[in-house]
Amino acid sequence: MPSVSDLHSIGELARASGLTVSALRFYDSAGVLEPALVDPVTGYRWYTEEQITPARLVAGLRRIGMPVPEIAAAVRAEPAAVHQLLDTQLRRLVDGLADARREVARLRALVDPAQPVTTMLLLSPAGLAAALDAVRFAVSTDPELPMLSGVLLDVEPDGVRLVATDRHRLALARAGADVDGPPVRVFVPVALIDQLRTLLDAADPRPVQLTVAGADLRVMVAGRTLTGTALPSDFPDYRRLLREAVGDRPTARRIPVDVAALSAALADPAAPTVARDHGGKPLAVTVLGLDDQGGLCLLPTADLSTDELRVGVDGGYLLDALNAAGAPQLVLELDGPIAPLAVRRPDDADTYSVLMPIRL
């Protein structure tokens, strides 16, 4: 045990690190940076010389907004792992800046409405059809949630990201495009989406022309022109949802699955389920787990008393996600009974869906 004469007071560490005294107390209580010695009478905290560098690291990570659990991991990690955490936080900040810019543009338009800027896209019928098929299943049909009854088109400089959610599941896909005009987000009503999908022919060499001018939409497809008006609702911040739901998850299990075999198992009337109450109504829950070879299997029990992986899902929702993915092989990403389940295509990082778990 070092003597007090060899230690730094909490005030000295605060000055040396750039953290406030109150911040040092917080990080002590959070188990991030614990003092070397605490006076048993006064409760005063003392720190060693070796704790100055970790304290400066904590101060820097705090300034860039890194979450406390990751700060705690960084303080104890090897340099390579700290660099990975920094890369992850940098990606969050870049995504957050893009979101902030879009929100500022929207607010400027509210404060000072101007003539809408037009953005035009030229898309492949086959690529657009595949993207629509990948997300359509997740559109909300709840009449009490009209703000979710459509597909978000998030136009980027070289394509468009399609997003749909009903709060229980979220689906994303991307279609490449020639874009003329600034990036724009437009929430397209599902009726127009369905009308467009019926006209798309993958064999048609003519590109689909989509024009967005404010809330006005015009689509030229297969020699026909469709018009519509974007939904006025603000679509949820799907990027933030994704970061929180399926961001970097080092503990997640990534399990390859054969779509035909798993779909048949889910559709089998004899497939095992467990009964749970959901909103006052009985719900048959599909429990996913691992077999002896590490492959995915449907379990007849929701017993969580073992260390074995258990994830409860709506089997119908999972079947929808499998069918919409449009691939014979998929990867299911499982990270415990309360973490969202991700359904990914191994050959396409831009097309996947996320299902909320059902508590077992």
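Quick look at the values:
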| item | result |
| --- | --- |
| Fluctuation leader among 157, 183, 269 - the chain, Gaussian network, Cα springs under 10 angstrom | 269 |
| Solvent-accessible area, 1.4 Å probe, carbon plus sulfur percent, for region 161-251 | 51 |
| Under Karplus coefficients 6.51, -1.76 and 1.60, residue-wise ³J(HN,Hα) of region 176-193 in Hz, glycine/proline x | x, 7, 8, 10, 10, x, x, x, 8, 10, 9, 9, 8, x, 5, 4, 5, 4 |
| Max mean-square fluctuation residue, GNM over the chain, Cα-Cα springs under 10 Å, options 234, 95, 87 | 87 |
| Efficiency of FRET between residue 77 and residue 276 - r from beta-carbon atoms, R0 51 angstrom, step 0.05 | 0.85 |
| Stretchable slack from residue 220 to residue 290, in nm (0.36 nm times residue separation minus alpha-carbon distance) | 20.4 nm |
| Debye, to nearest 20: dipole size of the chain, +1 on Lys, Arg Cβ, -1 on Asp, Glu Cβ | 800 |
| Per residue solvent-accessible surface (Å²) - the chain, probe of 1.4 Å | 53 |
| Accessible area (Å², 1.4 Å probe, nearest 10) - residue 276 | 80 |
| Top of 89, 195, 51 by mean-square fluctuation, Gaussian network on the chain, Cα under 10 Å | 51 |
| Which of 333, 156, 308 is most accessible, then next, and so on - probe 1.4 Å | 308, 156, 333 |
| Förster-model FRET efficiency, 22 Å R0, residue 203 and residue 347, C-beta, rounded to 0.05 | 0.50 |
| Rounded percent of accessible protein surface that carbon and sulfur make up, region 34-135, 1.4 Å probe | 62 |
| Surface share of carbon and sulfur [accessible, 1.4 angstrom probe, percent] for region 306-360 | 50 |
| Förster radius 35 Å - calculated FRET efficiency between residue 248 and residue 120 (Cβ-Cβ, nearest 0.05) | 0.45 |
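The values are calculated or read from the model by the stated rules, or taken from the named source; none is laboratory data. Owing to the predicted nature of the structure, the values given are computational and were not obtained by experimental measurement. Don't worry about glycine lacking a Cβ; one is built from the backbone with ideal geometry, like all the others, and counts go over all protein chains shown. To get the accessible areas, we keep the full protein, side chains included, count just its heavy atoms, and leave off ligands, DNA and RNA. Shrake-Rupley method; radii C 1.70, N 1.55, O 1.52, S 1.80 Å.
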